[in-house]
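Colleague: The structure is given below, and queries will be raised subsequently.
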Amino acid sequence: VRFPVYAPSGGEGGVADGAGGGHGAADAEEPLLTHVHGFHAAARPAAIFLSERRAAFASGVLVAAMDLDSWRQRFVYGHTEAVTCLEHSAEQALGASGQVRRAGAKTAEVLLWSSETMKVVAAFKFHQADIVAVGFIQGGEVLVTIGADRDHTMALWATAQDGWYSFRKREKVPLVVASAYKGGGVHRVLAAPGGVDKPHFVTFGAAHLKFWQGDRFAPAKLEGRRGSFGSEGAPRIVVTAAWLSREKLVVGGSEGDVYFFEGTRVVRRVQSQRLPVAVLMPLHDAVLAVTSNGTCCLVRDAAQQPSRRAAEIEVSSLPGAPDPRMQTSIVGGATYRRSGILLASRTYLLWLDVGGGLHQPRSCSVLVMQPSKALTAACSHPSEPRIFTGALDGGVRCYRTDSHQPLPERSFRASGGVTCLAVSGCAPGAGTSAWLALGCDDSTLSILAEGSFRYVLRRCLSAANAKLTCACFSVSDPTGVHPLWLAVGTSDGCIHTFRFKQTSCESMAHSGAEAVERIATLRGHSAEVIDIAFGNDLPCQHLLSVDASGQSLAFDVPMARRLPSVAAVRDTDFSPWTSPVGWHVLGCWSPQKAVDFASLPPRRFCEVQGRGLIAVNDAETARGVDLFPFPCPSPPVARPLRLPGPAVPVTALLHNTYSDCLAAASDTVLFVWSWSERPPEDDVLPRCAPAMASTSSAGAPQASPARPLRGSVLFDTPEGPRRAIAAARASSSPALGMGAAFTPPPRPRGQAPGRRLGRNGPPGRAKENVPKGNAGSGGGSQEQHRTPFATPLKAQAFVAEQPPPPLSDGEAEVDDEADAETLASPGYLAATAPAAAREAMATPSIEGASP
């Protein structure tokens, strides 16, 4: 950091008093990974069945197993890089997964794990390139692995739970090594049913299909033979395959052709569509083919049944299917006997329950929802169990944090690639909705109601189309007294501020300038703005921003000016802390040599409120998530806790206070960690200020401390303006002595000084305009017209004898400290006092005056 960092007052020597308010990282409870929203769509296969009601898929460096009934997920840990392929053996209850070769490592690992306990039982290291395919043969006793080297080396490993192959498994050396295919990529390994003594399997991929035959008692006798596609040749890519029997195989190509093999030769070729065949499911008298556009087609023997047409069903037309506008091409899937189908696209993992037949599907459920391009932003609703994510594909997606279910119905598409997201606080109650702001890479800012997704503003903020990089809302005041602010940072170093007319969206009839107005453009940064935070004060005063060079700037938001130094906001509470620079996070950085034109590493910070922790992605790889104590002005003694999961750099971190969960966005996957015990409610600071209580514990109505009492009179005393009430009311009023302030609305320009007693009051209570310094009939100075009552006791007695009439509907109440000049003027006092008080003030001499 090349810029000065200021500690809070009293915190220069270490942790400030009372800072943190929670447990340190050493003795803190470790969060558990509870759910992942996303999967590796390019993995082969993208998803598999572990049983009829369990599915598994690759996510980052993890393998996630999901229960299709309860949505509960369990994970396989142990991979150090992204998982590229996986397979399962129901006979041995074992799963296998391969990964990318780690930088600096000689070999890539293949993990063997139990599908019941999700624990790793063995690790195989042999391939000097990425693992591209794994598969079980011989009833799960042998595992086949294929690397991505030039010869696509294939190795066979013993994996049996007992017997001779279990003994060979301890050696952790291949049984046999061969070249799978030298002419192109290999995508899958598929074992033939039955025949344990003579294992039979196929490998397929780019323009080839290869049949392999072996001997159980002589593993080295492995023979391979390429399949013949006939005179028309092989398809460009063999996408999928399925066994009809031990000697019959059906294959789907990238041009929509379906090939039927007997032995190693094609006997029939059928083409229903010219789109890639993603999944093949053998049925009793036909084959169900699912193409990349989501069409399910029954492929039959045209020679035997020439009059029957192939039945086609669109997946998008099934109940429970997602919006086709958010769907992409299907790239793969899996089948379980004749009851279930997993369909994987780049945006969804769908489960089709076809136990009742293709024409009567039971359900279509969205298991996993993710963007087709990298995630760039994420935000959390402060008072609802919802998380929003934005990605470069232009999609804004919503997830629940309590049940961890995706919400396709609350997802929509923006005008361009989403680069920043922010959601405001909202007062609880029906008919109100929070504000959702999203920025795009084309410099377009959109503001809409979070509940109805109705746009109220869409504007381009930069003529040069500077990318919007970050956005943040100020603390929301549920009473509506103080305005709500929005700040948006751009890649050209500017910060645009907006002020809302309402703190929450309550009406669908207002939009544009009626709902929000643009205030100013704050400048001062010479690099891209990467973080913005408002102070937790009402009304909103301060804004703290950080750019990519590490420079922090502070701004006065209402005045739209830059403060001379960040030290002016050193005692301001910016909670939750998200800035990468500051005294609170100095210990999260390791000392480095200073260089010219240095830029901050792509690290993300997010305070975990109520737990005294802050989540930070790794400084070297930016992948793993570390938990440091908060505040952390110096490096911690204990090593910070590392949360595994992401395989690529983390682009967003957030903490949902409603469900007490931590989320990290990496590539297209959202990882969610949760704690078993919630922190005390007092340690969590909501972004929506709590509303003032209007009733006591016993249910009796109380006067709000933020509003003046009714039936009172304002007097000018030597100590300043004071409001006097009756003695009986003073003994029962909790508002006395609290010094609460209420800010009246500003007077319109051109309006004469005075006080309007009601919007539509009777003629006798209309606005009274009194020139300053010339009130009443005396025409004297201000000193001649001070109140004749010298003590508060006499004033209370006067109010008890002369109570003012109650305020009518719409009548404004003005606080005693709102405008000192107006309150001290005799014109204001004459306009607000009762008739008896006016006569007393108009008397030149106060001798003998009686209340």
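The values are calculated or read from the model by the stated rules, or taken from the named source; none is laboratory data. All figures in this text were calculated on a predicted structure; none of them were measured in a lab. Note: ideal-geometry Cβ built from the backbone for every residue, glycine included; neighbour counts use all protein chains shown. Ligands, DNA and RNA are stripped out before the accessible areas are found, and what is left, the full protein with its side chains, is counted by its heavy atoms. Shrake-Rupley method; radii C 1.70, N 1.55, O 1.52, S 1.80 Å.
Colleague: Hey, does segment 182-189 have a residue that's modelled with pLDDT under 95, over 22 Å from Ala108 (Cβ atoms) and open to solvent by less than 30 Å² (accessible area, probe 1.4 Å)?
Modeller: no
Colleague: Can you say whether Val267 is surrounded by fewer than 17 Cβ atoms within 10 Å (Cβ to Cβ), touching a strand residue (DSSP E or B) at 6+ places or on another chain (Cβ under 6 Å), more than 23 Å from Ala178 (Cβ to Cβ) and among the β-branched types (Val, Ile, Thr), as far as the supplied structure shows? Please lay out each step first, then the result.
Modeller: Details: surrounded by fewer than 17 Cβ atoms within 10 Å (Cβ to Cβ): yes; touching a strand residue (DSSP E or B) at 6+ places or on another chain (Cβ under 6 Å): yes; more than 23 Å from Ala178 (Cβ to Cβ): yes; among the β-branched types (Val, Ile, Thr): yes.
Here the answer is yes, as Val267 does meet what is asked.
Colleague: With the requirement that a residue be farther than 17 Å from Gly624 by Cα and either assigned to a strand (DSSP E or B) or at pLDDT 95 or above (or both), what does segment 59-71 give you? Before you say what the answer is, go through the steps one by one.
Modeller: Restricting attention to segment 59-71, the residues satisfying the condition of being farther than 17 Å from Gly624 by Cα are 64-71.
Listed by number, the residues that qualify are Ala64, Ala65, Met66, Asp67.
Colleague: Could you name every one of the strands (runs of 3 or more DSSP E) located completely within segment 376-418 that has at least 3 residues being of a type outside the set (A, V, I, L, M, F, W, C), farther than 20 Å from Pro576 by Cβ and open to solvent by 40 Å² or more (accessible area, probe 1.4 Å)?
Modeller: On the way: elements: 386-391, 395-400, 406-413.
Here the list reads 406-413.
Colleague: Would you check if Gly95 is without any contact (Cβ under 8 Å) to a residue 60 or more places away in the chain, among the small types (Gly, Ala, Ser), under 19 Å from Ala47 (Cβ atoms) and in contact with a Ser or Thr (Cβ under 7 Å, 6 or more places away or on another chain)? Break it down into steps so the answer makes sense when it comes.
Modeller: Values: without any contact (Cβ under 8 Å) to a residue 60 or more places away in the chain: yes; among the small types (Gly, Ala, Ser): yes; under 19 Å from Ala47 (Cβ atoms): yes; in contact with a Ser or Thr (Cβ under 7 Å, 6 or more places away or on another chain): yes.
Here the answer is yes, as Gly95 does meet what is asked.
Colleague: Is there a residue in segment 611-629 that is open to solvent by 20 Å² or more (accessible area, probe 1.4 Å), farther than 27 Å from Asn536 by Cβ, of a type in the set (Lys, Arg) and at pLDDT below 90?
Modeller: Initial filter on segment 611-629 (open to solvent by 20 Å² or more (accessible area, probe 1.4 Å)): 611, 618-621, 623, 629.
Among the residues that remain, those that are also farther than 27 Å from Asn536 by Cβ are: 618-621, 623.
Checking the rest, the ones that are also of a type in the set (Lys, Arg) come to 623.
Going one step further and asking which of them are at pLDDT below 90, we end up with 623.
Yes, that holds for at least one residue.
Colleague: Looking at segment 242-260, I want the residues that are in contact (Cβ under 8 Å) with a residue 60 or more places away in the chain and have a partner that is aliphatic (A, V, I, L, M) and crowded, with 17+ Cβ neighbours inside 10 Å with Cβ atoms under 9 Å, at least 6 apart or on another chain. Which pairs are those?
Modeller: Listed pairs, sorted by first residue: Ala242/Leu190; Ala242/Leu249; Ala242/Val250; Ala242/Val251; Ala242/Val279; Ala242/Leu280; Ala242/Met281; Ala242/Val287.
Colleague: Please find, among Val637, Val608, the residue that is open to solvent by 30 Å² or more (accessible area, probe 1.4 Å), in contact (Cβ under 8 Å) with a residue 24 or more places away in the chain and among the β-branched types (Val, Ile, Thr). Walk me through it before giving the result.
Modeller: On the way: Val608 fails: open to solvent by 30 Å² or more (accessible area, probe 1.4 Å).
The conditions single out Val637.
Colleague: While we're looking at this one, here's another question. Mind checking whether some residue in segment 592-601 is among the small types (Gly, Ala, Ser), out of contact with any Pro (no Cβ under 8 Å at 6 or more places or on another chain) and within 27 Å of Ser9 (Cβ to Cβ)? I'd like the intermediate steps shown before the answer.
Modeller: From segment 592-601, those among the small types (Gly, Ala, Ser) are 594, 598-599; that's our starting set.
Checking the rest, the ones that are also out of contact with any Pro (no Cβ under 8 Å at 6 or more places or on another chain) come to 594, 598-599.
Right, trim to within 27 Å of Ser9 (Cβ to Cβ) and you get none.
Scanning segment 592-601, I find no residue that is among the small types (Gly, Ala, Ser), out of contact with any Pro (no Cβ under 8 Å at 6 or more places or on another chain) and within 27 Å of Ser9 (Cβ to Cβ), so the answer is no.
Colleague: Just name the residue that is farthest from Phe605 (Cα to Cα) out of those in segment 472-486 that are among the hydrophobic types (A, V, I, L, M, F, W, C) and open to solvent by 20 Å² or more (accessible area, probe 1.4 Å).
Modeller: Step one: list which residues in segment 472-486 are among the hydrophobic types (A, V, I, L, M, F, W, C), which gives 472-473, 475, 481, 484-486.
Add one more test, that the residue is open to solvent by 20 Å² or more (accessible area, probe 1.4 Å), and what stays is 472, 481.
Working: Cys472: 15, Val481: 32 Å.
The residue in question is Val481.
Colleague: If you don't mind, another one. Here are some conditions: (1) open to solvent by 20 Å² or more (accessible area, probe 1.4 Å); (2) in contact with a helix residue (DSSP H, G or I) (Cβ under 7 Å, 6 or more places away or on another chain); (3) part of a strand (DSSP E or B). Ala123 meets all but one. Which one does it not meet?
Modeller: (2)
Colleague: So Ala160 clears everything in (1) surrounded by fewer than 23 Cβ atoms within 10 Å (Cβ to Cβ); (2) touching a residue at least 60 places away in the same chain (Cβ under 8 Å); (3) under 24 Å from Val239 (Cα atoms); (4) in contact with an Asp or Glu (Cβ under 7 Å, 6 or more places away or on another chain) except one condition, right? Which one?
Modeller: The failed condition is (3).
Colleague: Please find, within segment 487-523, the residue that is nearest to the chain's Cα centre (by Cα) out of those that are open to solvent by 50 Å² or more (accessible area, probe 1.4 Å) and of a type in the set (A, V, I, L, M).
Modeller: Checking each candidate, the answer is Met508.
Colleague: Which is within 20 Å of Leu367 (Cβ to Cβ) and modelled with pLDDT under 90, of Gly332, Gly294, Gly320?
Modeller: Details: Gly332 fails: modelled with pLDDT under 90; Gly294 fails: modelled with pLDDT under 90.
The match here is Gly320.
Colleague: While we're on this one: Open to solvent by 10 Å² or more (accessible area, probe 1.4 Å) and within 21 Å of Thr34 (Cα to Cα): does that describe Val366? Break it down stepwise before answering.
Modeller: Details: open to solvent by 10 Å² or more (accessible area, probe 1.4 Å): yes; within 21 Å of Thr34 (Cα to Cα): yes.
Yes; evaluated as a whole, the condition is true for this residue.
Colleague: Got a sec? Which of Tyr336, Tyr348 is among the aromatic types (Phe, Trp, Tyr) and open to solvent by 30 Å² or more (accessible area, probe 1.4 Å)?
Modeller: Tyr336
Colleague: What number of residues in segment 524-542 are over 20 Å from Val481 (Cα atoms) and in contact (Cβ under 8 Å) with a residue 40 or more places away in the chain?
Modeller: The initial filter retains those residues of segment 524-542 that are over 20 Å from Val481 (Cα atoms), namely 524-533.
So of that shortlist, the ones also in contact (Cβ under 8 Å) with a residue 40 or more places away in the chain come out as 527-533.
Total meeting the criteria: 7.
Colleague: Can you run down the residue pairs with Cβ atoms below 7 Å, 6 or more apart or on separate chains, where the first is in segment 116-144 and under 19 Å from Pro193 (Cα atoms) and the partner is in a loop (DSSP other than H, G, I, E, B) and open to solvent by less than 20 Å² (accessible area, probe 1.4 Å)?
Modeller: Taking only residues 6 or more apart or on different chains, the pairs are Ile137/Pro199; Gln138/Pro199; Gly140/Thr159; Glu141/Thr159; Glu141/Ala160; Val142/Thr159; Val142/Pro199; Leu143/Thr159.
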